[in-house]
Structures are given as C-alpha cells and as structure tokens.
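All of the numbers you see were taken from the coordinates with simple rules; none came from a lab. Predicted model only: the values in this text are computed from it and were never measured. Cβ: placed from backbone, ideal geometry, glycine included. Neighbour counts: every protein chain shown.
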Number of protein chains: 2
Amino acid sequence: MTFRFKGKPPSRRQFLAGAAASTAGAISAGAARGEGDPLITEPQYWAQGFGDPVDEAPYGLPIEFESDVIRRNVDWLTADTISSVNFTPIHALDGTITPQGCAFERHHSGAIELSKPDYRLMINGLVDTPLVFSYNDLERFPRENHVYFCECAANSGMEWAGAQLNGAQFTHGMIHNMEYTGVPLKTLLQEAGLDAAGDLSDKWVYVEGADASSNGRSIPMEKALEDCLVAFKANGEALRKEHGYPVRLVVPGWEGNMWVKWLRRVKVTDGPVESREETSKYTDTMADGTSRKWTWVMDAKSVVTSPSPQSPITHGKGPLVISGLAWSGRGAITRVDVTKDGGKTWQTARLAKPGEKRALTRFYLDTEWDGEEMLLQSRAMDDTGYVQPTKDQLREVRGLNSVYHNNGIQTWLINSDGKAENVEVS
Amino acid sequence: MTFRFKGKPPSRRQFLAGAAASTAGAISAGAARGEGDPLITEPQYWAQGFGDPVDEAPYGLPIEFESDVIRRNVDWLTADTISSVNFTPIHALDGTITPQGCAFERHHSGAIELSKPDYRLMINGLVDTPLVFSYNDLERFPRENHVYFCECAANSGMEWAGAQLNGAQFTHGMIHNMEYTGVPLKTLLQEAGLDAAGDLSDKWVYVEGADASSNGRSIPMEKALEDCLVAFKANGEALRKEHGYPVRLVVPGWEGNMWVKWLRRVKVTDGPVESREETSKYTDTMADGTSRKWTWVMDAKSVVTSPSPQSPITHGKGPLVISGLAWSGRGAITRVDVTKDGGKTWQTARLAKPGEKRALTRFYLDTEWDGEEMLLQSRAMDDTGYVQPTKDQLREVRGLNSVYHNNGIQTWLINSDGKAENVEVS
C-alpha cells in the first residue's frame, strides 16, 4: 500500500487510542460530539495525499482488514482436501447475497478445470432424440434469473449429538445464496422430446457431473420440470471453478448435493438409480437404525448470525442489532421470531424484505442489551405454515445418529462480556 | 493447476477440434447427437483423477479462462491513475447483480485505506446536537438492505459527438448494481435532531469524503430523508477499498458522484454549497454554452450487452438470445423494446423479473438470426411514463458539448460475420 504522504503519519497506535476513547458512550445517549477526537477534528494523513491507484487486474479483492472473512473448513470433517467442505463466513456477512469468492462449496473429488470449448452436456435415456449440447448451444436457449439458496443436507449435521462447533460459520455456513442465470432444465428436456417417456408422473432424471466422483443423483421428473436450472452464471458472472464452471445444475430448495457441478449428463429414466450418493450417503439414519431416503427438501431453518461466537458484542450495553438468516426449501419465509431467554418469551423480528421463494431472508431485531446473559434463538416460519422445530423435537423423531437435515433451533449463549458460545437449552 | 492424471491427457488442440465439429449445427434442428464427439462419448482426463483442492485463502477468484472479465479503464479519459474510472465488464455479465470485484468505480484522488477503528462520521451544521459516530456506533442503528444501481453521470459521456468507443463496457460500463446494507441517513439526521433546522423544505445536506478530494456534494434535504443510505456492506460483505471502505453514501437513482465514498461528514445547511464537484464539474453544458446545474437524477436508459462489440455472435445463424440492461433513477423499468433494423420495427423484450425501483433490470429478446446485418437498439420505459430518447432527440436540447447525462439510445451494427461495432443511425 503506497500512500503519498505530505507529512509523517501519526502512529496507528495513537489512532486506536483515540478511537477507544470516543466510542465508550452508548449511542442511546447520542454519539460523542468529537471534542478531543483528532480522528474527526484534525486533518488525517489519508486526506493529505493521494490514495492508491485501482488497477484493472487482478480482479478486485477485499481490503486487507477483512482478510479473516473467508471460507473455512473443519479439518476432521472430511477425509482430505479432495473431498472437503468450505463454509460461508455468514457471521461476518449481512444482506442476503453471498459473494462467490466466499460462498459455501462442497466437492467430492476436487474441483476440476473444465473449459467452455471442452464442455458437453448430454440429454439421453427415455427421450425422443438424445442430444449433446456445447456451452455455446446452451447460451442460445431462453434463460432465466433467480436468487436461490443452496444448502448442504449436512449443514448443522455435526450438532445432532449436542452443541459442538463454536461459530455460525461452522454450524450453519454450508449455505450460499446467489442470483443464478441459466436455462430451465425443462427447456432442454423438451428439446430432446419427452414423448418417448410416456406418462411422466413416474419418470425420473439421473444427473451426473464430469468430475471423477460424478456425484450422480436421481430427481423426480416433476421437480426436473418445475424449476431446475442448467446454470452458467452466479451473481452475474461465470461460475467459479469450485462452483462447477462452466455449468452446474440448480435444484431450488433441495439439498445441495443434487446441485450437480460440471453437469455432464441428464438421463431420463423410469425409476431412481439408487446411486451411492443417495443410498450410502444422503439418507437419514433414524432412531431405530433404519434409513430414510428421498429426503430432498431443506425444511425451514434460521440462525442468528450476529451476535454469535465469531461475532461477539464489543460495544457494551445499550442499542443492539440482532441479525440473522432464515430460509425454506418449501417456499418463502413469512415470519421469524427471536428469543433472548432461551425460548420463554419471543419477539417477532423485522424481515429486511418480504421473503422470496427458496431464497435467504435477512431478519433483524432492533433491541437494547442490558449487559446480562442472553440465550439467543431464532425460529423461522414459511408460507406452508411450517414452524422450525427445536433440536429436541427433531431428535424425538430422528434420534441421534443422523447426519443430514438438522434444521433445529440454534442457541447462542451471550455472556455478560459480550462473548458468545454454542449451547443447548432443554 | 495440478491434475492427478491416471494417463496422459489428449492435447487441448484435439479437444477444440472436436468442439468445433459438434457445434456447427444450429440448435433449432437439435444439438448434435454426440456421435464421433469424444468429449462426451469417451472418458476424459478430468474424470480420471482428482481435481484441485479448494483452499480457504486467498479469497476465491474467477477461473483463469475468465481472466478477461475484469474492470477496464480508458487511458485518455482521465489525467492519471489517481483520478480514474474503472468500467464494469457488462458485455460479459448476465443477471443483474454486479460482483464487487468487477464493479464500476470512480475515484478522484486515489483509493484510501481507512480502517474501521480510524473511521469517524460527523453530523453537524443545523442540527440540535452535532454528533460523531464510530463504525461500531453505526452498526447499532436499525439497518436496511436494498439493491440499487450506481451510475456515473458521465456514463456514455464520450458518445455525445458521435459513436466512439467500441464496446458496451466502455460506452455503458460506468454502472454497477449491488445489494447495499446500511443505516438510513434519515435515522442519523434524526439522532442529531433536526428541530434546529426549522422548515426542512429549503434545507440541504453537504456530504464529503475522507479522501483528499473530499468530493463534496450538496443534496436537498428531501432526498436525504427519502432513501439515502449510510452503507457499509455491498452484496453481503464489507465494501471493497475502492468502493469506499468502510462506509459510503448511497443516493438511489442519482448520479454516482454523489455516492460519496469514505463518508466523513454530513452537514445540514440552509442552501447548497456550490462545491467544485457541482459547479465546474457535474453540470451540463447546453447548446448555447450556458450550464445547467442540479441534474442529479439518472433518467431511464438501456443497452444491449450481448451481442455487442466485445461479445460478438460466434455461433452462426439460428436461435439468438439478445440480452441487455435497463434502469431508471426515477423508478422501476416497466418495458424495454428492441429493434433489429435501427428503429423501423420494434419488439417488446422479456424482462427477467418485474423492474425494481432504482435497480438494474435484465431484459432478453429470444429471437432468430438470419445471418444478415442488424442495427440493434434497445429503448427503456419506466413507471413514470418516461421513454428513453434517441441521441438526436437529446442533442436537440443539449447540443454537442455535454459530458454528463447521455441516456440516448445506443446502436450496435451486427455484421454478417457476427462481429459488432458502435455506430449511429439517424
């Protein structure tokens, strides 16, 4: 960083001392007037010379002060870096859009580098005319834009047996929310022709990726024709390599494992394939040891992102914005309640915007903090009438051996020093 | 890039040859069936070994194949890198969200590096209690999220005297569209108290930045109280350094110069300051040589982003998606028309979503190309009834000496080889 100083800048330590002094008062009584705060009363070095040029390349990156706002993984969770999960830093984000550069991604055999010229998508099976599309072909079909969340079925999966990971990024960060651009899968299936499939009500598609894992999944035809997208852009730009460049499948509201990256083939079948990814994986082990399959939809869920273990309260008593995210794979979020006392009393949070179907909704509770301990929870409701359950309610049905589909209510204990930790309340 | 090959990969040249062969046919007759296309019929090296690990750091970047999708500047346009403009690569984007890393930005004395602890915002002038807020203070007020476009008043300014720059990025790329999170300016003004200001209808605020340029601008109180945001996040994450980290002003629908970065002070005044940025700059020179001031609103405008000079047609005749962006600083886009013959006949484009107030709207015309020359234009309409004018209609009022507020209809000549160029039609 090159500043062109007219004079010698004061030391950073000096600034920080000034900052601490002026932020001591609570804003409820009005912010400090700035007397004796050189940061506002005196000319500062950054106003006395030029700042930095902004170069075309490389592609713009966050400022160094935000270098901790990145994806993180959990070492012990996956076998190695070739099959790993990178969590969104939701504790540090606001609004609803997730930038691609820090958006959750999961891969099963590494992130492959597949160029547009090398890309092919086959539609085959019970179709009138099997087709192979190049990337350029896909760009010639009418396309749509939708903001959707993508959540891993295993999000919060490490919390089945009790509170474990200390941070919203780790308990709830297997999720992202992006504006996807693509061609409806329905359009491509119709281009291949579905007359050969006969009655569509019992047909399926089997989708697989071009990577070594192939990550094949079966999807009922009804969903394939409803809202699945063959997507090539996210948040306006090309998919990043780790998000499936150049083309991934978007399966709105359904578990992220089905959003096949590097999408290579869509086969129309007369039944599910029962692939590894939908038998030995991505099924739910129940209390009695049996497994439940075909649990695709991500039910309504929410989490307070701030305050939270990675985002403690640092400003003391007084006005506090409690903020979080809510979503439902079945529809739109209609209401989120927040409790500060572990569920004894609830207040209805403010939704930043009306909930959108199968997209993240940001909620806020603008409140006061008295400096005492809090047991913070949020509880989401969607437009089907579904209410997010407690963890104990979930365990009554599901037992303790599950990995996937844990949408139970999360509790953060906020200590009197403002620090937070992951706990459970009964 | 490290692939773990099981065998020797075929040469890239071999792949490209295969790709060219299979994309020769138009998709209207169905895509190739894939016979003889090893890219889909034969196992490829990227499926025979592991892909790359995805590291936590650095923050995720686009894949190397997209290395040309970056901001660009125009060498001769500004004096030096300390006062420059970086244009969004709108020709290569889709949807509506602009990623921060390639989002248009303009700075007048470089991009300063201002930490959150060093940050202060003063509210003073005709207020009951002058206040100084730290960054932490701002986070304690109720906040909002809105997607808004930010367009430089000089966007398309180089085209007043005739078609000049050959690409949508350069003619229309001084714009971005992001989900901003911040505190309403109204909230902070009310915290300081506006009783001292008396009748608000003739009051103004003067806003300035912490950089050496200060970039001071006067804003009527009515707008300050309507929808201005003191923003600290864009697309969910902290503002990038070049976008004003840690805090910038958002002035929805109004010229980008007023969206002061590194926001330092908001002063309530009994009239405009008539600063350099609103007298010698950011006024409109009319045909008779006089200057018109206080032209803040960005009127309805649109541009076809693809095909365009930087995004030619490469697939030959047949189905073609014509795509573009439309926006209005006065409200929401209600309709966009597209012509292929320089304005003789028009077709109504499909809006990807209903237009949102003061935000970019994506439009598509799903059409066929006969391989003949086209004179492509788009024409936007907003919910005030305003219709985007032709360049000639603008010039009748404004003459040829203007720089700012050129929202005239753009024409791309598409040649029979699919290449495009910037032209004008009368």
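Amide H neighbours of A:Gly399 under 5 Å, at least 5 residues apart or on other chains, H built in the peptide plane: list them.
Under 5 Å from the amide H of A:Gly399 lie the amide H atoms of A:Ala287, each far enough along the sequence or on another chain.
Just counting partner chain Cβ atoms within 10 Å, what average do the residues of peptide A:238-245 show around their Cβ? Don't jump to the answer; show the numbers that get you there.
Numbers: counts 8, 3, 6, 11, 7, 3, 0, 4.
The shielding value for this peptide is 5.
Which value, in debye to the nearest 20, gives the size of the charge dipole of the protein assembly as shown about its Cα centre, when Lys and Arg are +1 and Asp and Glu are -1 at the Cβ? Provide the component values of the computation, followed by the final result.
Details: 90 positive and 112 negative charges, 106 e Å.
It works out to roughly 500 debye.
Would you please put A:283-292, B:295-304, A:398-407, B:63-72 in order of how densely packed they are, using the mean number of other Cβ atoms within 10 angstrom per residue and starting with the highest?
On the way: A:283-292: 13.4, B:295-304: 23.8, A:398-407: 19.1, B:63-72: 17.6.
Packing proxy ranking, top to bottom: B:295-304, A:398-407, B:63-72, A:283-292.
Please list the non-local residues whose amide H lies under 5 Å from the amide H of A:Phe149, H modeled 1.01 Å from N, same-chain partners needing a gap of 5 or more.
It is A:Gly253, A:Ala359, A:Leu360, by chain and number.
Indicate the gyration tensor shape class of segment B:90-292 (rounded, prolate or oblate), computed on the Cα atoms with a ≥ b ≥ c the square roots of the eigenvalues: a/c under 1.5 is rounded; otherwise a/b larger than b/c is prolate and the rest oblate. Spell out each step's value before the answer.
Working: a/c = 1.98, a/b = 1.28, b/c = 1.54.
It comes out oblate by the Cα gyration axes.
If each label sits 7 angstrom from Cα along the C-beta direction, how far apart, in nm, is A:Asp128 from its counterparts in the other copies?
Between copies, matching label points for A:Asp128 lie 7.3 nm apart.
Kindly provide the GluC sites (Glu not before Pro) of segment A:332-419 that DSSP labels as loop, not H, G, I, E or B, and whose Cβ sees at most 14 other Cβ atoms within 10 Å. Present the calculation step by step, with values, prior to reporting the outcome.
Numbers: sites: A:Glu356, A:Glu368, A:Glu372, A:Glu373, A:Glu396; in loops: A:Glu356, A:Glu372, A:Glu373.
Listed in order of number, the matching sites are A:Glu372, A:Glu373.
Among B:106-118, A:331-343, how do they line up from the highest to the lowest mean number of other beta-carbon atoms within 10 Å? Spell out each step's value before the answer.
Numbers: B:106-118: 22.2, A:331-343: 20.0.
Ranked from most to least packed, the peptides come out as B:106-118, A:331-343.
Give the average, rounded to an integer, of partner chain Cβ atoms located within 10 angstrom of each Cβ in B:36-45.
Numbers: counts 0, 4, 1, 9, 11, 3, 0, 1, 6, 2.
That average works out to 4.
For a label point 7 angstrom out from the Cα of A:Ser416 toward its Cβ, which stretches of segment A:364-388 have the backbone nitrogen within less than 16 Å?
Correct set: A:369-375.
With a 10 Å cut-off between alpha carbons and a GNM built on chain B, which of B:Gly329, B:Gly193, B:Gly256 moves the most?
Per the Cα network of chain B with a 10 Å cutoff, B:Gly193 tops the list.
Between A:Glu64 and B:Gln347, take the C-beta separation as r, use R0 = 35 Å, and let me know the FRET efficiency to the nearest 0.05. Could you put the intermediate results ahead of the total?
Values: r = 49 Å, r/R0 = 1.41.
The value I calculate is 0.10.
Which whole-angstrom value gives the distance between the alpha carbon centres of segment A:109-127 and segment B:190-255?
So the two Cα centres are separated by 48 Å.
Each residue of segment B:347-354 in order: what ³J(HN,Hα) in whole Hz does its phi give by Karplus 6.51 cos²θ - 1.76 cosθ + 1.60, θ = phi - 60°, with x for Gly and Pro?
Karplus-based 3J(HN,Hα) across segment B:347-354 equals 10, 7, 6, 8, 7, 4, 9, x Hz.
Can you work out the FRET efficiency for the pair B:Arg276 and B:Val387, with r the C-beta to C-beta distance and R0 = 35 Å, to the nearest 0.05? Don't skip to the end; give the middle numbers.
Details: r = 34 Å, r/R0 = 0.97.
The calculated FRET efficiency here is 0.55.
If a/c stays under 1.5 just call it rounded; otherwise compare a/b with b/c (prolate if a/b is bigger, oblate if not). Do that for segment A:301-423, with a ≥ b ≥ c from the square roots of the Cα gyration tensor eigenvalues.
On the way: a/c = 2.13, a/b = 1.33, b/c = 1.60.
Here segment A:301-423 falls in the oblate category.
Between the label point of A:Lys293 and that of the same position in each other copy, find the distances and list them shortest first in nm, with every label point placed 7 Å from Cα along the Cα-to-C-beta direction.
Between copies, matching label points for A:Lys293 lie 7.5 nm apart.
Output ³J(HN,Hα) for segment B:44-51: one whole-Hz value per residue in order, computed from phi by the Karplus curve 6.51 cos²θ - 1.76 cosθ + 1.60 with θ = phi - 60°, and x for Gly and Pro.
Values, residue by residue: 9, 4, 6, 9, 10, x, 7, x Hz.
Taking a ≥ b ≥ c as the square roots of the Cα gyration tensor eigenvalues, with a/c under 1.5 meaning rounded and otherwise prolate when a/b beats b/c, else oblate, which class fits chain B? Write out the running numbers ahead of the final one.
Details: a/c = 2.37, a/b = 1.48, b/c = 1.60.
Because a/c hits 1.5 or more and a/b fails to exceed b/c, chain B counts as oblate.
In the protein assembly as shown, if every C-alpha pair distance is counted and binned at 20 Å from zero, what percent goes to each bin?
Taking all Cα pairs of the protein assembly as shown, the binned fractions are 15, 46, 33, 6, 0 percent.
Among A:Thr88, A:Thr411, rank each residue by its count of other Cβ atoms within 10 Å, from fewest to most, as a rough exposure measure. Can you show the working numbers first?
On the way: A:Thr88 27, A:Thr411 22.
Listed from fewest to most nearby Cβ atoms, that is A:Thr411, A:Thr88.
Taking each label point as 7 Å beyond Cα in the direction of the beta carbon, state the distances from A:Gly371 to the same residue in the other copies, shortest first, in nm.
Copy-to-copy label distances for A:Gly371: 8.1 nm.
Could you run the Karplus curve 6.51 cos²θ - 1.76 cosθ + 1.60 with θ = phi - 60° over segment A:304-315 and give me ³J(HN,Hα) per residue in whole Hz, x for Gly and Pro?
Rounded to whole hertz, the list is 7, 8, 8, x, 6, x, 8, 9, x, 7, 10, 9.
With springs only between Cα atoms under 10 Å apart, run a GNM on chain B and tell me which of B:Gly408, B:Gly51, B:Gly167 wobbles the most.
Evaluated over chain B, the most mobile residue of the options is B:Gly51.
Using modelled backbone amide H atoms (1.01 Å from N, in-plane), which distant-in-sequence or interchain residues come within less than 5 Å of B:Glu105's amide H?
Here the answer is B:Asn86, since their amide H atoms fall under 5 Å of that of B:Glu105.
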